[in-house]
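Read through the structure below, which is laid out as structure tokens, and then see the notes.
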Amino acid sequence: MQPQNSTNYRRTQIETATPLQLVALLYDGAIDNAHRAAKAIVDKDVATKTQAVDKLLAIVGELQSNLDMERGGDIARNLNALYTYMSEQTVQASVKLNPEPLESVVALLETVGSAWREIASRPEAASPAPAPQGPEPKRAQLSVRV
């Protein structure tokens with residue numbers, strides 16, 4: 001696939017995804033960037049490492065900032081702690097130029113990401129929510145909150 005076709009495909013995938021599918025795509029992006037950062041550390045490619053770490057931290061930050069701590073209860077608190085741990089491990093790997101902390105980040109992202117992909121693949125996840133009564137509420141860009 002040509003680079004432009006790949007970019008168009010990715011854009012279409014994102015634009016047509018449900019909120020749950022967007023979360024799964026964020027996990028996929030985080031995993032890809034964690035792998036890129038680890039490889040760049042081994043290859044001593046500082047520019048690629050920096051770019052991949054920046055993207056990984058941005059994705060984890062986006063996941064963390066969309067947690068609904070009031071309604072999410074223990075799940076949201078646990079995910080918040082997990083995202084903080086992932087960020088700390090990513091920074092440690094970057095600063096010490098050691099890919100090992102990224103291995104635990106990838107393992108966690110794959111485990112939690114597979115759960116999100118499972119949820120997003122369920123038929124009920126694709127069905128629209130019932131129409132609200134009264135004025136339409138304002139919605140955030142990423143409306144999935146845990």
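Let's see how each residue does on (1) surrounded by 14 or more Cβ atoms within 10 Å (Cβ to Cβ); (2) at pLDDT below 90:
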| site | (1), (2) |
| --- | --- |
| V46 | no, no |
| K55 | yes, no |
| E70 | no, no |
| R77 | no, no |
| Q89 | yes, no |
| K96 | no, no |
| P99 | yes, no |
| A126 | no, yes |
| S143 | no, yes |
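Conditions: (1) modelled with pLDDT of 95 or more; (2) under 20 Å from I14 (Cα atoms); (3) buried (at least 17 other Cβ atoms within 10 Å of the Cβ). A34 meets all but one. Number of the miss?
Among (1) modelled with pLDDT of 95 or more; (2) under 20 Å from I14 (Cα atoms); (3) buried (at least 17 other Cβ atoms within 10 Å of the Cβ), A34 violates only (2).
Yes/no per residue for (1) β-branched (V, I, T); (2) in contact with a Pro (Cβ under 9 Å, 6 or more places away or on another chain):
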site: R36; (1), (2): no, no
site: V46; (1), (2): yes, no
site: K49; (1), (2): no, no
site: S87; (1), (2): no, no
site: A93; (1), (2): no, yes
site: S104; (1), (2): no, no
site: A115; (1), (2): no, no
site: E124; (1), (2): no, no
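In the range 100-114, what residues are under 14 Å from the mean Cα position of the chain (by Cα) and not small (G, A, S)?
Filtering the range 100-114 for residues under 14 Å from the mean Cα position of the chain (by Cα) gives 105-114.
V105, V106, L108, L109, E110, T111, V112, listed by residue number.
When you check L97 against the structure, is it under 15 Å from the mean Cα position of the chain (by Cα) and either of a type outside the set (F, W, Y) or within 29 Å of P123 (Cβ to Cβ) (or both), yes or no? Even if it seems obvious, please write down each step before you answer.
Working: under 15 Å from the mean Cα position of the chain (by Cα): no; either of a type outside the set (F, W, Y) or within 29 Å of P123 (Cβ to Cβ) (or both): yes.
It is false that L97 is under 15 Å from the mean Cα position of the chain (by Cα) and either of a type outside the set (F, W, Y) or within 29 Å of P123 (Cβ to Cβ) (or both).
Applying the selection to the range 76-93, what residues are more than 16 Å from the chain's Cα centre (by Cα) and over 18 Å from A37 (Cα atoms)?
Answer for the range 76-93, where residues must be more than 16 Å from the chain's Cα centre (by Cα) and over 18 Å from A37 (Cα atoms): just R77.
The values are calculated or read from the model by the stated rules, or taken from the named source; none is laboratory data. Computed from a predicted structure; not experimentally measured. Methodologically, a virtual Cβ is constructed for each residue, glycine included, from the backbone with ideal geometry; neighbour enumeration extends over all protein chains shown.
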